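For reference, the structure discussed in these notes is given below.
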Amino acid sequence: MTIRLRGHHLLCMLTFVGKGYTADFTAKYRLIAARLSDGEAIEIVDGPDDICQPLLTEPTAHCRQDSVLERDAKALAAVSALLARPVATGTVIVPDAAFLEQMRAAFASGVVRDACVACEWVPLCDKIAADGYGGVLVQPAKQAPYP
């Protein structure tokens, strides 16, 4: 199985500590974080993904807004540059220790943060990165990655 993630959620997963928009959203995200920590692969999707799913019933869900789609594009461009390979819809990534370490270093230094502009979670994410990512729920795989 794979976890379907939109572009900017490659950044959000780096600092997820169990806080979110709603209780349902947070509960779903915790399950996804556990799967990522088990080494389950990520498939990049266009638009709402597995993390967005609990919010999609809301009439004003931000998941489909143009600003979020722009955030996805900026995140994918930054991650592509960082990894020196294209990362786009359909790309599969295994969130192993090397990937998470590289992504967290780039996030902390601001290299991949263009997508974060105007995001309401920036203050929280800034603090988590500055504090060395203590308490984050997505950790390097504890077992061999999924194929």
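The values are calculated or read from the model by the stated rules, or taken from the named source; none is laboratory data. None of the values given here were measured: they were computed from a predicted structure. Counting neighbours? That spans all protein chains shown, and the Cβs are built from the backbone with ideal geometry, glycine included.
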- Message: Just to be sure I understand, how many residues within the range 13-51 are touching a His at 6+ places or on another chain (Cβ under 8 Å) and under 17 Å from LEU124 (Cα atoms)?
- Response: 0
- Selection from the range 72-96 of residues among the basic types (Lys, Arg) and in contact with an Asp or Glu (Cβ under 9 Å, 6 or more places away or on another chain) yields LYS74
- Note on the structure: Contact list, first residue from the range 95-124 and over 19 Å from VAL138 (Cα atoms), second anywhere and among the charged types (D, E, K, R), beta-carbon distance below 7 Å, six or more apart or interchain, is ASP114/LYS74; ALA115/ARG71; ALA115/LYS74
- Does ASP49 fit the bill of being surrounded by 13 or more Cβ atoms within 10 Å (Cβ to Cβ), within 25 Å of GLY18 (Cβ to Cβ), in contact with a strand residue (DSSP E or B) (Cβ under 8 Å, 6 or more places away or on another chain) and modelled with pLDDT under 95? yes
- Query: Among the residues of the range 10-18, is there at least one that is over 10 Å from the mean Cα position of the chain (by Cα) and more than 14 Å from ALA141 (Cβ to Cβ)?
  - Reply: yes
- Task: Would you list the helices (runs of 4 or more DSSP H) that sit entirely within the range 65-147 and hold 3 or more residues that are under 19 Å from ILE42 (Cβ atoms) and out of contact with any Pro (no Cβ under 6 Å at 6 or more places or on another chain)?
- Result: 66-83, 97-109
